[in-house]
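The values are calculated or read from the model by the stated rules, or taken from the named source; none is laboratory data. All of these numbers come straight from a predicted model, not from anything done at the bench. Cβ atoms come from the backbone with ideal geometry, glycine included; neighbour counts cover every protein chain shown. We work out accessible area using only protein heavy atoms, side chains counted, and drop any ligands, DNA or RNA first. Shrake-Rupley method; radii C 1.70, N 1.55, O 1.52, S 1.80 Å.
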Amino acid sequence: MQLNNVKDAGTGTGTGTETRVETDVLIVGAGPTGLTLATDLARRGVRTVVVEKADGLFPGSRGKGLQPRTMEVFDDLGVVGAVLASSGPAPLLMRWKDGERQGERSMFDASEPTPDAPYAGQPRILPQWRTQQILFDRLTELGGRVSFSTALTSITQDASGVTAGLSTGGSVRAAYAVAADGGRSTVRKALSIGMTGEAVDPSSILVADVLVPALDRLNWHVFPGDGGFLTLCPLPGTDAFQLVAQFPSGKRPDLSIDSIRTEVAARTHLAADAVTEVLWASDFRPRAALADRFREGRIFLAGDAAHVHSPAGGQGLNTSVQDAYNLGWKLGRVLRHGAPEALLDSYEQERRPNAAEMLGLSTRVHRGEQRRGAATQQLAIGYRGGPLSTGRAGALEAGDRAPDGPLGEGTFLDAFRGPHFTLLTVGTDAQLPPLDSESIHVHRTDAYAPYGKGLFLVRPDGYIGWAGEDPDGLLAYLTRC
């Protein structure tokens, strides 16, 4: 049912025989961030070394909600079919009191898919271990590798690259390195980059994956209580529930099966032995924190290494995937297409404000100050006014997410899929200058309301980089990318 141990997919198994490895990008951490980045770079022909101190992929459900914008990223990376097959819609909440059902309600404001946003609506529920397995399989398919049981022991950099020491006794020399090693990031601490933030809630939270055969899987079960809530959410594609329980301030949860059974019996109508197995358990205190910077020379922070969220808004994993997606194409352009290194400056300039916005959203949702609605879907995230956003045309301004819709025999998302730029000529017969057909795909179509009319250069991460009514300025823009 659940993958607890995935061994090395390539070299670096911790035998102590490794010597120095030369590569383009060193990625520290094989969570959702690191695997997304490695997958994106692999399809761009960028060599990576991914090291992970654990002996296998993360085994728990922790970040289980996939927002619509993340589904678009997974569409581009070639894994959305597997994600859809393994996931399910968020079930309705069922509130319980004194062993009686109190009625259903949705945790999320209602919305439906539309032609320009085909994955819009409620998030998909998929346990994090399965999301990572899908990304790992895609990375392996593309020829990528992960070295498990391999911890970072040192990291230094100079004008031409980064050198990292490994617990296996070997070392890696890379042009760039990315810290995707979580909220307690070893790399961030080695760089002395601070985290600024706050405790969102003084309560401790227990999260566990449990088997409860006696409980129906039709609802996300909620048990309020004076000492804190307890919820049980069925995890699609498994027999398990994700249990989340809040504890009073100052009390740290006991992760043993006996203690978890005691809590379930005390807070629900279920008997202690209704919990037949605990597959994984962890605890944390909700906090919101943002790294003071996302870059130090040739080393970048991404995912939880750069920002830590309350899980209430369902933004942490999704924001982390967006980090990797933003950074991947930029590293690819610099390393494989001769783009100026200044392009990499835009990573922090674009992603840090975005992460700050999502941190605020997560905190407001946690405190009951905002509903889980359109903002949590991340479809409205954009980079207007950013360093790579120039011009406007029709209904869109540079920096906006490029909408989907019908295009020829397929869709706009079909046209965007891959590591290239896409130039859309919408409702115009403007003459175009000569373009590199390998890295820029051109598509002509009639006027379409979500775009209006004009020329739209769509970046490899699905955002409008440049827009105009005619091609003046297009070539100048491309010299920056």
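The protection proxy used here, the mean number of other Cβ atoms lying within 10 Å of each residue, ranks peptides 319-330, 450-461 as follows, highest first: 319-330, 450-461. Helix-only mean residue ellipticity at 222 nm, the chain, DSSP H runs n ≥ 4 weighted -39,500 (n - 2.57), per residue, nearest 500. What is it? Mean residue ellipticity at 222 nm (helix-derived): -7000 deg cm²/dmol. Simple point charges give the picture: +1 on the Cβ of Lys and Arg, -1 on the Cβ of Asp and Glu, and for the chain a dipole about the Cα centre of about 820 debye. Taking the chain as the reference, fit the longest principal axis to its C-alpha atoms, fit the long axis of helix 257-267 to the helix C-alpha atoms, and give the angle between the two in degrees, 0 to 90, nearest 10. For 257-267 against the chain, the angle is about 80 degrees. Dipole size of region 6-165 about its Cα centre, with +1 on Lys/Arg Cβ and -1 on Asp/Glu Cβ: approximately 360 debye, rounded to the nearest 20.
Using the alpha carbons alone, the radius of gyration of region 303-353 stands to its Kirkwood radius in an Rg to Rh ratio of 1.07.
Ordering P340, L435, S167 by the projection of their Cα atoms onto the charge dipole of the chain, which places +1 on the Cβ of Lys and Arg and -1 on the Cβ of Asp and Glu, puts S167 at the extreme positive end.
Against the chain, whose longest principal axis is taken from its Cα atoms, helix 32-43 shows a tilt of about 30°. Just round it to a whole percent: the fraction of Cα-Cα distances in region 262-323 exceeding 17 Å. Pairs farther apart than 17 Å: 60 percent.
Computed 3J(HN,Hα) for region 268-273, one whole-Hz value per residue from the Karplus formula 6.51 cos²θ - 1.76 cosθ + 1.60 where θ = phi - 60°, is 10, 7, 7, 6, 4, 6, glycine and proline marked x.
Against the main long axis of the alpha-carbon atoms of the chain, helix 128-141 sits at an angle near 40°.
Extension gain, Q431-S111: 0.36 nm per intervening residue step, less the Cα-Cα distance, totals 111.3 nm. The mean of 1/r over all distinct Cα pairs in region 208-359, once inverted, gives the Kirkwood hydrodynamic radius of 18.2 Å.
Computed over all pairs of different Cα atoms, the Kirkwood value for the hydrodynamic radius of the chain is 23.4 Å. Rolling a 1.4 angstrom probe over region 280-338 with all protein chains present gives an accessible area of which 43% lies on carbon and sulfur atoms. Rolling a 1.4 angstrom probe over region 5-155 with all protein chains present gives an accessible area of which 49% lies on carbon and sulfur atoms.
Considering only DSSP beta bridges with both partners in the chain, what is the antiparallel share in %, to the nearest 5? Once the DSSP bridges in the chain are tallied, antiparallel ones form about 70 percent.
As a fraction of the 1.4 Å probe accessible area of region 188-236, surface on carbon and sulfur atoms comes out at 58 percent. Computed over region 51-149, relative contact order equals 46 percent, with contacts defined as Cα pairs under 8 Å that lie 6+ residues apart.
In a reduced charge model with +1 at each Lys and Arg Cβ and -1 at each Asp and Glu Cβ, region 410-481 shows a dipole moment near 180 debye about its Cα centre. Distant-in-sequence amide contacts of F300, defined by a placed amide H-H separation under 5 Å and a gap of 5 or more residues or a different chain, comprise A177, V178, A179.
Overall, the ratio between the Cα radius of gyration of region 230-293 and 2.2 N^0.38 Å, rounded to two decimals, is 1.33.
Starting from the Kirkwood radius over alpha-carbon pairs of region 62-209, derive D by Stokes-Einstein at 20 °C in a medium of 1.002 mPa s and give it in µm² s⁻¹. Using the Kirkwood radius from Cα pairs, D works out to 110 µm²/s.
For region 357-481, the antiparallel share of DSSP beta bridges with both residues in that region comes to about 70%. Note on the chain: dipole from Cβ charges, positive end direction compared against A274, L255, L407; the farthest Cα belongs to L255. The spread of Cα positions in region 351-470, taken along each principal axis and listed from longest to shortest, comes to 53, 29, 25 Å.
For the chain, averaging the sequence separation of C-alpha pairs within contact (under 8 Å, six or more residues apart) and dividing by the residue count gives a relative contact order of 17 percent. Protein heavy-atom accessible surface, 1.4 Å probe, per residue over region 235-354: 36 Å². Taking 0.36 nm per residue of sequence separation and removing the Cα-Cα distance, the D414/E277 pair yields an extension gain of 45.0 nm.
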